[in-house]
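Below is one structure, written out as structure tokens; comments come after it.
The values are calculated or read from the model by the stated rules, or taken from the named source; none is laboratory data. Being a predicted model, the structure only gives us computed values, none of them experimental. Because the Cβ atoms are built from the backbone with ideal geometry, glycine has one as well, and the counts that use them run over all protein chains shown. Accessible surface areas use protein heavy atoms only, side chains included; no ligands, DNA or RNA. Shrake-Rupley method; radii C 1.70, N 1.55, O 1.52, S 1.80 Å.
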Amino acid sequence: MIARSVRMLAFQVRLFARNSYFTQLLVTSTVSILLLQYVASFGAGSVVTSQAWLRAGMTGTWTTCAVSTGLIGFQRFQGTLVHQVAARIGARPALVPVVGSAATFGLLAFPLAAAGGAILGIPLAITGTMIVGLVVFWFASLSTALLVAAAFAHSPNALVYESTVAAPIVLLSGMFGLPGALAPVEPVLRILPLRSAVQALSDGGGPAVFWLDTFLAVVVSVLWLVASAFVAKAALRRAVDHATLDIT
């Protein structure tokens, strides 16, 4: 079953990569953030740290994941949603790779940001904990994307809400640090899987803090996966009973 899921995910990632919009979104969101940090540091006369390419990678990955708001609706537009819902393996196992393709393809933002950083002379301090942090960040992005996709599956206009999901989560997760106004509610923001994942990937508090952030990110991500299953079940029931997704 795991092998089948991996094959389905690989297939969906290939389809995702062939869409020029998703590819352009990945490149522009990653490169633009990297260049903005470089120009800002250059203008201020400060040194660009290795966090610059990590921030660009995180932003590019999540911005690509944000298209999950309309991925199920996009499948309907393509005429493939009805076949996925009626699949022998079940609707949810068939649709998870569709959403997972966004999180997996989005990971290309990190090597893209690293390559851009190398060209700009930004230091690339890659460590073992950073690799672990990347895996945790992918898992957090996946769980977030699945819940977002399920929540927006009811709306035929979900694609237009993409920007309303991407920016707030970048802000609340603290990819560029938390605004002072949000500092008092930082513990509450841990309900977002990406918040602890960002902290783990930043790895600024030593090994003990890193592993605590990693643990919190994984636990919250699992809870979001469970929540997404319930929301998806309700959405699919509504789709079948009321034809809200053009499924009969």
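The residue of segment 1-57 that is nearest to Leu201 (Cα to Cα), among those that are surrounded by fewer than 16 Cβ atoms within 10 Å (Cβ to Cβ) and aromatic (Phe, Trp, Tyr), is Phe42.
Of these, Gln51, Gln75, Gln84, which one is modelled with pLDDT of 65 or more and in contact with a helix residue (DSSP H, G or I) (Cβ under 6 Å, 6 or more places away or on another chain)? Please lay out each step first, then the result.
Numbers: Gln51 fails: in contact with a helix residue (DSSP H, G or I) (Cβ under 6 Å, 6 or more places away or on another chain); Gln84 fails: modelled with pLDDT of 65 or more.
The unique qualifying residue is Gln75.
Scanning segment 1-59 for residues that are assigned to a helix (DSSP H, G or I) and of a type in the set (Val, Ile, Thr) yields Ile2, Val6, Val13, Thr23, Val27, Thr28, Thr30, Val31, Ile33, Val39, Thr59.
A search for C-beta distances below 7 Å between a residue of segment 124-139 that is under 24 Å from Leu223 (Cβ atoms) and any residue that is assigned to a helix (DSSP H, G or I) and open to solvent by 50 Å² or more (accessible area, probe 1.4 Å), counting only pairs 6+ apart in sequence or on different chains, returns Val136/Val218; Phe139/Val218. Selection of segment 225-248 for residues being surrounded by fewer than 21 Cβ atoms within 10 Å (Cβ to Cβ) and either in contact with a Pro (Cβ under 9 Å, 6 or more places away or on another chain) or at pLDDT 90 or above (or both) yields Leu225, Val226, Ala227, Thr244, Asp246.
Going through Leu124, Leu95, Leu146, Leu112 one at a time, which residue ends up being at pLDDT below 95, crowded, with 19+ Cβ neighbours inside 10 Å and either outside any helix (DSSP H, G or I) or touching a Gly at 6+ places or on another chain (Cβ under 8 Å) (or both)? Before you say what the answer is, go through the steps one by one.
Working: Leu124 fails: crowded, with 19+ Cβ neighbours inside 10 Å; Leu95 fails: either outside any helix (DSSP H, G or I) or touching a Gly at 6+ places or on another chain (Cβ under 8 Å) (or both); Leu112 fails: at pLDDT below 95.
Result of the check over Leu124, Leu95, Leu146, Leu112: Leu146.
Residue-by-condition table, conditions (1) exposed (fewer than 13 other Cβ atoms within 10 Å of the Cβ); (2) touching a His at 6+ places or on another chain (Cβ under 8 Å); (3) under 25 Å from Ala52 (Cα atoms); (4) at pLDDT below 80:
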residue	(1), (2), (3), (4)
Val165	no, no, yes, no
Ala181	yes, no, yes, no
Pro184	yes, no, no, no
Leu192	no, no, yes, no
Val222	no, no, no, no
